[in-house]
């Protein structure tokens, strides 16, 4: 073997090792482990209807009817499972019985709870009278995101002093506990409110709720006192996006790069946390993945295929009912579908 041949062979081996290493690195990169999902069961369609009264921004179910907040007219509709309207509450406006930007709704006895983050208000309206406000309280600070955790507690996030704070309040909006997301994540940049932007699930019967992030894989589980039970990551393992700036004439706007919605919505019951992932769309545009995690420790369990509808509508929101046996999905062109979860382990 001459010298040139030996050098060529050596270069080839170096290139081969380099390519092999690159492939392995790509496989382990965040967002590259979609192939590890374990799909189980199937969704069987039970009911569906088109919500033609506006844009559904919040969905709540009492097990019998659906309560839908319309983001266009700022009205809450009570509809049956066929989509027939049974009652409606509120409208757009500045009066106490009116709404400007509904972020969450909740049914507590004979009252309808509403969190409005344009007014920074928590209020309850009577279900027995038209537009009858029985409680109205302005929150002490701006409400970025808000969620009725259960009958007695509310979770609210807001930005303050380059931190993203999670507040646990009572039903009247009185702050009980404050949690610093900066202390949990050790993220020091002032853009933490964008990098870790997300929302809450409701609280399960064991007293746990979850804050999940939109643009990365991070989520954290709390108890009712705000104590961290664990932090974890979704199966996609997307890292935090980087802070960025965009100029519009004389104005500079804080943003993030990449600005991609990784996780769309989440819900939980006594045993499982459900997160609707948008990542699978890159591989299969006909489905979205509903990833299921053990709520006690955040470990991945399996995934469920949520279909994109024949006319191209994609799932954007959902609630899990009957301890995981039923799934109600809101699609982007305002179709609402209830599925039965048929597991086949």
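Structure notes:
- Residues that are under 23 Å from residue 242 (Cα atoms) and part of a strand (DSSP E or B), drawn from the stretch 157-178: 157, 158, 159, 160, 163, 164, 165, 166
- Close Cβ contacts (under 6 Å, 6 or more residues apart or on different chains) running from residues in the stretch 245-259 that are in contact (Cβ under 8 Å) with a residue 12 or more places away in the chain to residues that are assigned to a strand (DSSP E or B) comprise 255/244; 255/246; 256/244; 257/242; 257/244.
Every residue, every condition in (1) in contact with a helix residue (DSSP H, G or I) (Cβ under 6 Å, 6 or more places away or on another chain); (2) surrounded by 11 or more Cβ atoms within 10 Å (Cβ to Cβ); (3) at pLDDT 85 or above; (4) part of a loop (DSSP other than H, G, I, E, B), yes or no:
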site	(1), (2), (3), (4)
16	no, no, no, no
25	no, no, no, no
46	no, yes, yes, no
49	no, yes, yes, no
72	no, yes, yes, yes
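- For the residues 154, 107, the requirement of being crowded, with 20+ Cβ neighbours inside 10 Å, assigned to a strand (DSSP E or B) and either touching a helix residue (DSSP H, G or I) at 6+ places or on another chain (Cβ under 9 Å) or touching a residue at least 12 places away in the same chain (Cβ under 8 Å) (or both) singles out 154.
- In the stretch 235-253, the qualifying residues are those that are touching a strand residue (DSSP E or B) at 6+ places or on another chain (Cβ under 6 Å) and part of a loop (DSSP other than H, G, I, E, B), and the one that is nearest to residue 209 (Cα to Cα) is 235.
- Restricting the first member to the stretch 27-55 and to residues that are under 14 Å from residue 234 (Cα atoms), and the second to residues that are part of a helix (DSSP H, G or I) and modelled with pLDDT under 50, the beta-carbon pairs closer than 9 Å and six or more apart or on different chains are 32/26; 33/27; 35/27.
- Scanning the stretch 133-151 for residues that are free of Cβ contacts under 8 Å to residues at least 40 places away in the same chain and assigned to a strand (DSSP E or B) yields 133, 134, 135, 137, 138.
- Which numbered condition residue 313 fails, given (1) within 29 Å of residue 191 (Cβ to Cβ); (2) in contact with a strand residue (DSSP E or B) (Cβ under 8 Å, 6 or more places away or on another chain); (3) not in a strand (DSSP E or B): (1)
The values are calculated or read from the model by the stated rules, or taken from the named source; none is laboratory data. Quick caveat: nothing in here was measured; it's all calculated off a predicted structure. Note: ideal-geometry Cβ built from the backbone for every residue, glycine included; neighbour counts use all protein chains shown.
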